[in-house]
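The values are calculated or read from the model by the stated rules, or taken from the named source; none is laboratory data. The structure presented is a predicted model; accordingly, all values stated were derived computationally and were not measured. No Cβ is skipped: glycine too gets one built from the backbone with ideal geometry, and neighbour counts run over all protein chains shown.
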């Protein structure tokens, strides 16, 4: 199975000083950890400072979003080359908050994914259903459409250089969490979709994370499932003790 990955999405939180303190505590707490990969995604304003703190450590740094053009008259946007220039190795694309609040489409997510890979970044591609969609029994239809829209046309090599995160929208920031069985069902479906888009070896190699109110208390049950390869962590990644407990298992 793929090596576990735990990514902390700090969202619109922390000024530079707080971000530096958190990054420093994580570096100290994960020193010598060799069993998992860890990534933090600070707000843009703290990226340079956090990258400096984590330089030479095993903790990667990622952006929370990017635009699909490298440069141009796109006020307020940040490009892949700009993130790479700061030392980022990762970037989140298609997060449900981007889809819900800013109207991102599957097509836009696909463009961002390709722009990220062009810049040498590894995208964490988010998919997931709303509560009404789960209640209507169309979870797999929604997730399948999102996967096809974002990943369709990628080569096997390109697929191997990305991570998928399943984040049921109804579980993000709500305190609700999918049961390990619910998560495994969708993760297995994602793995099957990857198989259709590539081959068995590639489908096994791609990491599929769970995101949605992940805590130190529930992460172990999720990680016991065969197709859960880590977590995309929101609120619990803003405190060093809770994120360290999650990353260490």
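Here are the numbers for this structure:
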quantity: Filtered residues of region 135-156 (kept if part of a helix (DSSP H, G or I), within 22 Å of residue 70 (Cα to Cα) and either free of Cβ contacts under 8 Å to residues at least 40 places away in the same chain or out of contact with any strand residue (DSSP E or B) (no Cβ under 6 Å at 6 or more places or on another chain) (or both)); calculated: 149, 151
quantity: Conditions (1) touching a helix residue (DSSP H, G or I) at 6+ places or on another chain (Cβ under 9 Å); (2) under 16 Å from residue 66 (Cβ atoms); (3) surrounded by fewer than 22 Cβ atoms within 10 Å (Cβ to Cβ): number failed by residue 113; calculated: (3)
quantity: Meets criteria (surrounded by 15 or more Cβ atoms within 10 Å (Cβ to Cβ) and farther than 27 Å from residue 59 by Cα) for residue 144; calculated: yes
quantity: Hits in region 162-195 - residues which are surrounded by fewer than 18 Cβ atoms within 10 Å (Cβ to Cβ), touching a helix residue (DSSP H, G or I) at 6+ places or on another chain (Cβ under 7 Å) and outside any helix (DSSP H, G or I); calculated: 173, 176
quantity: Number of the condition not met by residue 100 [criteria: (1) under 30 Å from residue 55 (Cβ atoms); (2) modelled with pLDDT under 95]; calculated: (1)
quantity: Residue 217, sole failed condition from (1) surrounded by fewer than 23 Cβ atoms within 10 Å (Cβ to Cβ); (2) within 24 Å of residue 33 (Cβ to Cβ); (3) touching a residue at least 12 places away in the same chain (Cβ under 8 Å); calculated: (3)
quantity: Matching residues, region 113-134, being assigned to a helix (DSSP H, G or I), farther than 21 Å from residue 230 by Cβ and touching a strand residue (DSSP E or B) at 6+ places or on another chain (Cβ under 8 Å); calculated: 115
quantity: Residue in region 191-205 that is in contact with a strand residue (DSSP E or B) (Cβ under 7 Å, 6 or more places away or on another chain) and touching a residue at least 40 places away in the same chain (Cβ under 8 Å) present; calculated: no
quantity: Subset of region 77-96 (residues that are closer than 29 Å to residue 142 by Cβ and over 19 Å from the mean Cα position of the chain (by Cα)); calculated: 77
quantity: Residue count, region 47-90 (criterion: assigned to a loop (DSSP other than H, G, I, E, B) and within 16 Å of residue 27 (Cβ to Cβ)); calculated: 6
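Quick grid of which residues meet (1) touching a strand residue (DSSP E or B) at 6+ places or on another chain (Cβ under 6 Å); (2) in contact (Cβ under 8 Å) with a residue 24 or more places away in the chain; (3) surrounded by 17 or more Cβ atoms within 10 Å (Cβ to Cβ):
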position	(1), (2), (3)
1	no, yes, no
32	no, no, no
60	yes, yes, yes
75	no, no, no
80	no, yes, yes
91	yes, yes, yes
